[in-house]
Amino acid sequence: NKDLAKVVDGEKKSLFVDINKFKNSVHNQSSCIKCHTNVSPSKNPICLNAGKVDCSICHASQVDDYKISIHGQKHYSGEKTAPYCNDCHAVHDVQSQKNISSPTFARNVPELCGKCHREGLSIAATKDASNKGIIANYKESIHGKGLIQSWLLVTATCVDCHSSHRELPKVDPRSTVNPLNVAATCANCHLGIYEAFKSSIHSPSFNKTDKKLPSCSDCHFS
């Protein structure tokens, strides 16, 4: 029923589910109540106070990472601009990341992240004031040109450097892009170079100085 809706905080929200999209999703073998666990015929209506779906029922490790991430921290603190699972993966038409039409397919990841992290949009003005033009800069990088111009799916996208669910600011020592972790992150693709780096004068495992040592992004930029 396309007219079915509810009002949340004064805003009308559609409850319509396109069954054809659901049948083509990766969840097409799951029953509704597998995700909507707090729907009950004892309530009137049965979806009363149903709330958000808890994806950790099936995807525990991903949700654990999300809770740690800056996205999760912002979401659980009540910030409405912070992305939740369905903002990246869709709602009822969730697709495998191997599906070329999926927003999480490698070729589509920069545009997905660019919905928020792009110059001119609100989050770019507030969260990335020092890094305006993130997506534009990525497209001009060797990684971006490899992906967008040459369709090389083995090149690095946003999630390869920042992780898929545990994105953290570089000042956080747990972050994959923290200066102490950048080299190991780059090693996921550039292993041979990383092995050479570890025995170089720039490596903290070789150079025991108390001074700041350069990492990959200091010379190659971000």
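Which ones in segment 35-67 are more than 18 Å from the chain's Cα centre (by Cα) and either farther than 23 Å from Pro83 by Cβ or hydroxyl-bearing (Ser, Thr, Tyr) (or both)? Answer for segment 35-67, where residues must be more than 18 Å from the chain's Cα centre (by Cα) and either farther than 23 Å from Pro83 by Cβ or hydroxyl-bearing (Ser, Thr, Tyr) (or both): Thr37, Val39, Ser40, Pro41, Ser42, Lys43, Asn44, Pro45, Ile46, Cys47, Leu48, Asn49.
Here are some residues: Lys170, Lys139, Lys127. Which one is at pLDDT below 95, closer than 16 Å to His220 by Cβ and among the basic types (Lys, Arg)?
On the way: Lys139 fails: closer than 16 Å to His220 by Cβ; Lys127 fails: closer than 16 Å to His220 by Cβ.
Just one listed residue meets the conditions, Lys170.
Open to solvent by 70 Å² or more (accessible area, probe 1.4 Å), touching a Ser or Thr at 6+ places or on another chain (Cβ under 6 Å) and either under 28 Å from Leu213 (Cβ atoms) or not hydrophobic (A, V, I, L, M, F, W, C) (or both), is that true of Arg166?
On the way: open to solvent by 70 Å² or more (accessible area, probe 1.4 Å): yes; touching a Ser or Thr at 6+ places or on another chain (Cβ under 6 Å): yes; either under 28 Å from Leu213 (Cβ atoms) or not hydrophobic (A, V, I, L, M, F, W, C) (or both): yes.
Judged against the criteria, Arg166 is a match.
Is segment 74-85 home to any residue that is among the aromatic types (Phe, Trp, Tyr), part of a loop (DSSP other than H, G, I, E, B) and open to solvent by less than 80 Å² (accessible area, probe 1.4 Å)?
yes
Quick check on Lys13: is it closer than 29 Å to Ser101 by Cβ, open to solvent by 80 Å² or more (accessible area, probe 1.4 Å) and touching a residue at least 12 places away in the same chain (Cβ under 8 Å)? No: the conditions fail for Lys13.
Let me confirm something: among Asn28, Asn44, which residue is polar (S, T, N, Q) and either more than 19 Å from Ala90 (Cα to Cα) or open to solvent by 80 Å² or more (accessible area, probe 1.4 Å) (or both)?
Asn44
Of everything in segment 174-186 that is outside any loop (DSSP other than H, G, I, E, B), of a type in the set (A, V, I, L, M) and under 20 Å from the mean Cα position of the chain (by Cα), the residue that is nearest to Asp218 (Cα to Cα) is Val182. Among the residues of segment 187-213, those that are in a loop (DSSP other than H, G, I, E, B), surrounded by 11 or more Cβ atoms within 10 Å (Cβ to Cβ) and of a type outside the set (S, T, N, Q) comprise Ala187, Cys189, His190, His202, Pro204, Phe206, Leu213. Against the numbered list (1) surrounded by 12 or more Cβ atoms within 10 Å (Cβ to Cβ); (2) more than 23 Å from Asn99 (Cα to Cα), Cys35 comes up short only at (2).
Would you confirm, using the coordinates I've provided, whether Ile46 is at pLDDT below 90, among the hydrophobic types (A, V, I, L, M, F, W, C), out of contact with any strand residue (DSSP E or B) (no Cβ under 9 Å at 6 or more places or on another chain) and under 27 Å from Ala5 (Cβ atoms)? Please lay out each step first, then the result.
On the way: at pLDDT below 90: yes; among the hydrophobic types (A, V, I, L, M, F, W, C): yes; out of contact with any strand residue (DSSP E or B) (no Cβ under 9 Å at 6 or more places or on another chain): yes; under 27 Å from Ala5 (Cβ atoms): yes.
Answer is yes for this residue.
Conditions tested, residue by residue: (1) at pLDDT below 95; (2) in a helix (DSSP H, G or I); (3) under 30 Å from Leu147 (Cα atoms).
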{"position": "Val7", "(1), (2), (3)": "yes, no, no"}
{"position": "Ser61", "(1), (2), (3)": "no, yes, yes"}
{"position": "Asp64", "(1), (2), (3)": "no, yes, yes"}
{"position": "Lys67", "(1), (2), (3)": "no, yes, yes"}
{"position": "Pro103", "(1), (2), (3)": "no, no, yes"}
{"position": "Cys116", "(1), (2), (3)": "yes, no, yes"}
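Looking across segment 16-32, the residues that are in contact (Cβ under 8 Å) with a residue 12 or more places away in the chain and either farther than 18 Å from Ser101 by Cβ or in a loop (DSSP other than H, G, I, E, B) (or both) come down to Phe16, Val17, Asp18, Asn24, Ser25, Val26, His27.
The values are calculated or read from the model by the stated rules, or taken from the named source; none is laboratory data. A quick note: this is a predicted structure, and the numbers were derived from the prediction, not measured. Ideal geometry is used to build each Cβ from the backbone, glycine not excepted, and the neighbour counts take in all protein chains shown. Calculation scope for accessible area: heavy atoms of the full protein, side chains included, ligands and nucleic acids excluded. Shrake-Rupley method; radii C 1.70, N 1.55, O 1.52, S 1.80 Å.
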